[in-house]
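The structure under discussion appears below in the form of structure tokens.
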Amino acid sequence: MMKISIEHKIRLYLSALNYRKMSQFVSAAEAVKLVRSGDRVFVHGSAATPTLLLDALAKRSPELREVELVAISMLGDQEIAKPMYRDSFYFNSLFVSATIREAVSDGRGDYIPIFLSEISRLFEKKLLPLDVALIHVSPPDKHGFCSMGVSVDVVKSAAKYAKKLIAQVNPNMPRTHGDGFIHVSRFDAMVECNDALPEVSYSSQLTEEDLTIGRNIASLVEDRSTLQLGIGSIPDAALKAMGHCKDLGIHTEMFSDGVMDLIKQGVVTNAYKKKHPGKVVSGFTIGSKELYNFLDDNPQFAFLEASYVNDTRVIRANPKVVAINSAIEVDITGQVCADSIGTYQYSGVGGQMDFIRGAALSDGGKPIIALVSATKKGVSKIVPEIKSGAGVVTTRAHMHYLVTEFGTAYLYGKNLRQRAYEILKVSHPDHRESLEKIIIKRFGTRMHPVH
């Protein structure tokens, strides 16, 4: 049987449907000619990073100046992020991923602090008007609709409000259910691509400390809870320890392979969620090829816009929401720094506060911040004061549970002195004496009971 190319399929669909705006495949070099100097360009992120289009754009650097690139995160070693393109491209990032940390640090970019739930408003309200959007989609179905696949989050909004839309069409992009469908007639240019999606394996990086923290978190999770999972190894470690649970649900901004494993084990059923029962709800995913294959045309998953997924009103409607997020450091009063190391911008606010607050308002909810108590070099991550210049992502007023490999500190309703001593209990033993001296100096030794 003759194999029909993606391009030929699209031509057939467009011809049959007789759309006036007839998009067609062009080379990547031709497609990115739509970008002009001074344009603001949105870039699809995470595992949907359109590397083919970005590489083609980088090759146009001699003729482009001051093109602003806006993205949540970009995966992979991107050519366009190299210092040699300083005069051509500027990264105005909504979340600083590893790919562009150097660019932001040395003045070739900057960071916009914003909750993930609110990013779409920047496009809708023209606070960040978009000239072009580069997106990465699946091949169209028989009706001509492509899927935004593994990343819907804020892309739906960016695609809606950008003046021009360039699509990288890839058969390796899963066709996911939810909000992420877009018709080929919307594209100003399409580029055929057959690249594998970037893969990330958090489970292969787990340390003994991570696994212990995972077990401590899992001990807090009740049957029929609804889980949110932040980025990194600790959420995956927690999932590994939840095999004893029953009828868990997932409503999260992102997830990785651990969710797939619990679905296969029958632990995640989504049966008792109030919002979208029977479905895993997420904005995006990063994981293995096995995960991407599992997602393809799988009605158990709904990939929806972050403005909805991360809305605290939606989150709190689910019962027993357990929000699991990590941090860079936490001070003795419970302030959480999760996006920066001093003035060095490491990541971003993301959806941590959306879910910490949503979980706190959920009936039986548990907002959790988890971290290894010390760095690999032995430096305590529980500190008297967060580093000068660092940002507070989650305030101490929002903190309920702090989990390390040494246990769980429950902070809700405790005064500053009480929470300092509670946090001390889960700090690394090598640092407890020095921390206690600072606590005594700041708060004294007398413990006032709370009635």
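The values are calculated or read from the model by the stated rules, or taken from the named source; none is laboratory data. Quick caveat, the model's predicted, so the values are computed rather than measured. Heads up, the Cβs are rebuilt from the backbone with ideal geometry, glycines too, and the neighbour counts pull from every protein chain shown.
Within region 70-100, being among the acidic types (Asp, Glu) and either more than 23 Å from LEU197 (Cβ to Cβ) or at pLDDT 95 or above (or both) holds for GLU79, ASP87. Just the residues that are closer than 18 Å to VAL191 by Cβ, more than 18 Å from the chain's Cα centre (by Cα) and of a type outside the set (A, V, I, L, M), please, taken from region 51-81. THR51, ASP55, LYS59, ARG60, GLN78, GLU79 - these are the residues of region 51-81 that are closer than 18 Å to VAL191 by Cβ, more than 18 Å from the chain's Cα centre (by Cα) and of a type outside the set (A, V, I, L, M).
Out of the residues in region 414-434 that are assigned to a loop (DSSP other than H, G, I, E, B) and more than 12 Å from THR333 (Cα to Cα), state the one that is farthest from the chain's Cα centre (by Cα). Restricting to residues being assigned to a loop (DSSP other than H, G, I, E, B) and more than 12 Å from THR333 (Cα to Cα), the top hit is LYS425. Within region 188-202, if we keep just the residues that are buried (at least 18 other Cβ atoms within 10 Å of the Cβ) and not hydrophobic (A, V, I, L, M, F, W, C), the residue that is farthest from PHE294 (Cα to Cα) turns out to be GLU192.
Residues that are over 16 Å from LEU229 (Cα atoms) and assigned to a helix (DSSP H, G or I) within region 262-281 comprise LYS264, GLN265, listed in sequence order. Remark: VAL330 matches the filter, which requires a residue to be in contact with a Cys (Cβ under 9 Å, 6 or more places away or on another chain), more than 25 Å from SER147 (Cβ to Cβ), crowded, with 23+ Cβ neighbours inside 10 Å and in the same structural domain as SER373 (by TED's automatic domain parsing).
When the residues of region 392-413 are filtered to those that are surrounded by fewer than 19 Cβ atoms within 10 Å (Cβ to Cβ) and among the small types (Gly, Ala, Ser), the one that is farthest from the chain's Cα centre (by Cα) is GLY413. The strands (runs of 3 or more DSSP E) found entirely in region 127-211 that carry 1 or more residues being among the polar types (S, T, N, Q) and either at pLDDT 95 or above or within 30 Å of PHE406 (Cα to Cα) (or both) are 145-147, 164-169. Contact annotation: no residue pair with Cβ atoms under 9 Å, 6 or more positions apart or on different chains, pairs a residue in region 262-284 that is at pLDDT below 95 with a partner that is part of a loop (DSSP other than H, G, I, E, B). Taking region 387-413 as the range and being of a type in the set (A, V, I, L, M) and assigned to a loop (DSSP other than H, G, I, E, B) as the test, the residues that pass are ALA390, VAL392, VAL393, MET399, LEU411. If you check ASP331 against the conditions, is it closer than 28 Å to GLN418 by Cβ, among the acidic types (Asp, Glu) and touching a Lys or Arg at 6+ places or on another chain (Cβ under 9 Å)? For ASP331, the condition - closer than 28 Å to GLN418 by Cβ, among the acidic types (Asp, Glu) and touching a Lys or Arg at 6+ places or on another chain (Cβ under 9 Å) - is met. Checking LYS377, LYS425, LYS381 one by one, the residue that is under 23 Å from LEU206 (Cα atoms) and loosely packed, with under 15 Cβ neighbours inside 10 Å is LYS377 and no other.
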